[in-house]
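> The structure follows.
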Amino acid sequence: MEWASLSAVGLVKKTRIHTMKTSITTKTGDRGTTRLFSGEEVSKDSSRPNAYGDLDELVSILGVARCHCPDADTQQAILNLQRDLFVAGSEMATAPGGLERLGQRIDAARLADLERLMTELEEAIEIPNGFIVPGGTPAGAFLDLARSVSRRLERRVVGMYADGELDNDNLIVWLNRLSDYLYLLARSAEDKPTLVKPE
């Protein structure tokens, strides 16, 4: 390890960083292919890379939303969701023959946890009666953006499920619940939502 000085917003602090012995650039994808978690080489524009690419985008947007949330409980809820998305992504990046390598999958217990969180939020906040214009707060806006990306991810995965590339019923239902949960989180992050048709 080595020490490096980092400057941010006029403040200089020393932080310890790990020295990488190899470059993150492998050049193995220079011909437009990538390897799945289970080892198979596939085109980067095939269904699995497209799905976990959407998932990666969703996780990153949630990270921005988390940074903008002033509420610690909401921050933790988003972080937990990001971690669950990594579990879902590992399944998307694994061909059916390699699923035994996965330590975790989206199962009935994770689905039940998500539905419980949704019920708690629905009881805690007032659900607007009408369509919402995103942008009431930065956190709410990014959560609405995450909701839109989660819908795209769901459409990808539904296509994979229909084609027999995925067979986890719990994953399909979990993704369907996910966008509803993100909608609720977005509303909880706003003082007063802006309706398409003002009341």
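> Search the stretch 43-58 for residues being at pLDDT 95 or above and surrounded by 17 or more Cβ atoms within 10 Å (Cβ to Cβ), and hand back the single one that is farthest from Val157 (Cα to Cα).
So in the stretch 43-58, the residues at pLDDT 95 or above come out as 54-58.
Retained after the next criterion (residues that are surrounded by 17 or more Cβ atoms within 10 Å (Cβ to Cβ)): 54-55, 58.
Values: Asp54: 10, Leu55: 10, Leu58: 14 Å.
Within the stretch 43-58, the match that is farthest from Val157 (Cα to Cα) is Leu58.
> Of all the residues that make up the stretch 150-165, how many are outside any helix (DSSP H, G or I) and out of contact with any Ser or Thr (no Cβ under 9 Å at 6 or more places or on another chain)?
Residues that pass the stated criteria total 1.
> Follow-up. Which members of the stretch 100-140 meet the condition of being in a helix (DSSP H, G or I) and without any contact (Cβ under 8 Å) to a residue 24 or more places away in the chain?
First, the residues of the stretch 100-140 that are in a helix (DSSP H, G or I): 100-101, 108-124, 138-140.
Result: Glu100, Ala109, Ala112, Asp113, Arg116, Thr119, Glu120, Glu123.
> Can Leu145 be described as closer than 17 Å to Arg83 by Cβ and in a helix (DSSP H, G or I)?
no
> Among the numbered conditions (1) buried (at least 17 other Cβ atoms within 10 Å of the Cβ); (2) over 22 Å from Ala93 (Cα atoms); (3) modelled with pLDDT under 95, tell me where Leu166 comes up short.
Result: Leu166 fails condition (2) only.
> Of the residues that sit in the stretch 110-133 and are of a type outside the set (A, V, I, L, M, F, W, C) and modelled with pLDDT of 90 or more, which one is farthest from Val149 (Cα to Cα)? Talk me through it step by step, then tell me what you get.
In the first step, residues of the stretch 110-133 are kept if they are of a type outside the set (A, V, I, L, M, F, W, C); the result is 110, 113, 115-116, 119-120, 122-123, 126, 128-130.
Still in the list and also modelled with pLDDT of 90 or more: 110, 113, 115-116, 119-120, 122-123.
Working: Arg110: 20, Asp113: 21, Glu115: 20, Arg116: 22, Thr119: 22, Glu120: 24, Glu122: 22, Glu123: 25 Å.
Looking at residues that are of a type outside the set (A, V, I, L, M, F, W, C) and modelled with pLDDT of 90 or more, I get Glu123.
> For the stretch 51-94, name all the residues that are of a type in the set (Val, Ile, Thr), assigned to a helix (DSSP H, G or I) and in contact (Cβ under 8 Å) with a residue 24 or more places away in the chain.
Answer for the stretch 51-94, where residues must be of a type in the set (Val, Ile, Thr), assigned to a helix (DSSP H, G or I) and in contact (Cβ under 8 Å) with a residue 24 or more places away in the chain: Val59, Ile61, Val64, Thr74, Ile78.
> Within the stretch 1-42, track down each residue that is at pLDDT 70 or above and surrounded by 13 or more Cβ atoms within 10 Å (Cβ to Cβ).
Thr33, Thr34, Arg35, Leu36, Phe37, Ser38, Glu40, Val42
> Might you check whether a residue that is within 18 Å of the chain's Cα centre (by Cα), touching a residue at least 24 places away in the same chain (Cβ under 8 Å) and over 20 Å from Pro70 (Cα atoms) occurs anywhere in the stretch 181-194?
No: the stretch 181-194 contains no residue that is within 18 Å of the chain's Cα centre (by Cα), touching a residue at least 24 places away in the same chain (Cβ under 8 Å) and over 20 Å from Pro70 (Cα atoms).
> Any residue at all in the stretch 119-127 that's surrounded by fewer than 17 Cβ atoms within 10 Å (Cβ to Cβ) and at positive phi? Before you say what the answer is, go through the steps one by one.
In the first step, residues of the stretch 119-127 are kept if they are surrounded by fewer than 17 Cβ atoms within 10 Å (Cβ to Cβ); the result is 119-120, 122-127.
With the extra rule that they be at positive phi, the set shrinks to none.
Among the residues of the stretch 119-127, not one is surrounded by fewer than 17 Cβ atoms within 10 Å (Cβ to Cβ) and at positive phi, which makes the answer no.
> Check whether at least one residue in the stretch 26-44 is part of a helix (DSSP H, G or I) and at negative phi, and report yes or no.
Looking for residues that are part of a helix (DSSP H, G or I) and at negative phi, one finds none in the stretch 26-44, hence no.
The values are calculated or read from the model by the stated rules, or taken from the named source; none is laboratory data. A quick note: this is a predicted structure, and the numbers were derived from the prediction, not measured. All Cβ positions, even for glycine, are placed from backbone atoms using ideal geometry, and neighbour counts span all protein chains on display.
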